[in-house]
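Student: Sharing a structure with you now.
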Amino acid sequence: MKVETFSRRNFEMIELKLKPDSVLDGIKVSDLRSNFKSEFLVCAVQRGEEAYIPDGNFILKSGDKVAVTAKPAQIIKLLREMGIQKNPAKKVMILGAGRTAYYLAKRL
């Protein structure tokens, strides 16, 4: 999974790879709104070597890489609804003492 932040952290795009037991496997994009209470947009799907901009009739399948866009709070809500994110991390360890580690620790 990848996370990209845009517009001064107002929204994010995440990439999910659908496993065979995923709740999204076999669901039409138009049915996602009725299955999940989060507000999000499926903006791209990569299936094998092909990339798609899905419409409402597009059916998600296991193995797809799905790009979803939403506000950060809505992404967390979506991941919890899907059973992907159980609990947020409360403790972290940063190894190294370089400039990147310094700014990362400051930001956390």
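The values are calculated or read from the model by the stated rules, or taken from the named source; none is laboratory data. Bear in mind the structure is a predicted one, so any value in this text is a computation, not a measurement. Here Cβ is always computed from backbone atoms with ideal geometry, including for glycine, and neighbour counts include all displayed protein chains. The area values use the complete protein model at the heavy-atom level, side chains included, leaving out ligands, DNA and RNA. Shrake-Rupley method; radii C 1.70, N 1.55, O 1.52, S 1.80 Å.
Student: Taking all protein chains as present, what is the carbon and sulfur share of the accessible area of the chain, in % to the nearest whole number, probe 1.4 Å?
Tutor: Taking all protein chains in place, the chain shows 52 percent carbon and sulfur surface.
Student: Given the pairs Lys61/Lys90; Lys19/Lys106; Lys2/Lys77; Lys28/Lys90; Lys37/Lys106, which span a C-alpha to C-alpha distance of over 27 angstrom in this model?
Tutor: On the way: Lys61/Lys90 33 Å; Lys19/Lys106 35 Å; Lys2/Lys77 17 Å; Lys28/Lys90 35 Å; Lys37/Lys106 34 Å.
Distance filter (> 27 Å) returns Lys61/Lys90; Lys19/Lys106; Lys28/Lys90; Lys37/Lys106.
Student: Something else now. Where in the range 1-74 are there trypsin sites (Lys or Arg not before Pro) that are in a DSSP coil and have at most 13 other Cβ atoms within 10 angstrom of their Cβ?
Tutor: Here the sparse-neighbourhood loop sites are Arg8, Arg9, Lys37.
Student: Counting helices only, and only those DSSP H runs with n ≥ 4, report the 222 nm mean residue ellipticity of the chain as the sum of -39,500 (n - 2.57) divided by its residues, in deg cm²/dmol to the nearest 500.
Tutor: -6000 deg cm²/dmol
Student: With the calculation restricted to Cα positions, what are the radius of gyration and Dmax of the chain in angstrom?
Tutor: Here Rg and the maximum Cα pair distance are 16.0, 50 Å.
Student: Also: Could you work out the longest stretch of the chain that avoids the GluC sites (Glu not before Pro) located in DSSP loops with at most 16 other Cβ atoms within 10 Å?
Tutor: It runs 50-108.
Student: Compute the length gained on full extension between Ser30 and Tyr103: take 0.36 nm times their separation in residues and subtract their Cα-Cα distance, giving the result in nm to one decimal.
Tutor: Working: separation 73, 0.36 × 73 = 26.28 nm, distance 4.14 nm.
Residue separation times 0.36 nm, minus the Cα-Cα distance, leaves 22.1 nm.
Student: Between Ala51 and Val23, what is the label-point separation in nm under the 7 Å Cα-to-beta-carbon projection?
Tutor: Spacing of the two 7 Å Cα→Cβ label points: 2.9 nm.
Student: OK, next. With a 1.4 Å probe and all protein chains kept in place, how much accessible area does Val92 have, in Å² rounded to the nearest 10?
Tutor: Per-residue accessible area (Val92): approximately 100 Å².
Student: For Lys61 and Val92, FRET efficiency with R0 = 30 Å and r from the beta-carbon atoms, rounded to 0.05?
Tutor: Working: r = 35 Å, r/R0 = 1.16.
Here the calculated transfer efficiency is 0.30.
Student: Related question: With every protein chain present, what is the per residue accessible area of the chain (1.4 Å probe, Å²)?
Tutor: With the other protein chains kept in place, the chain gives 75 Å² per residue.
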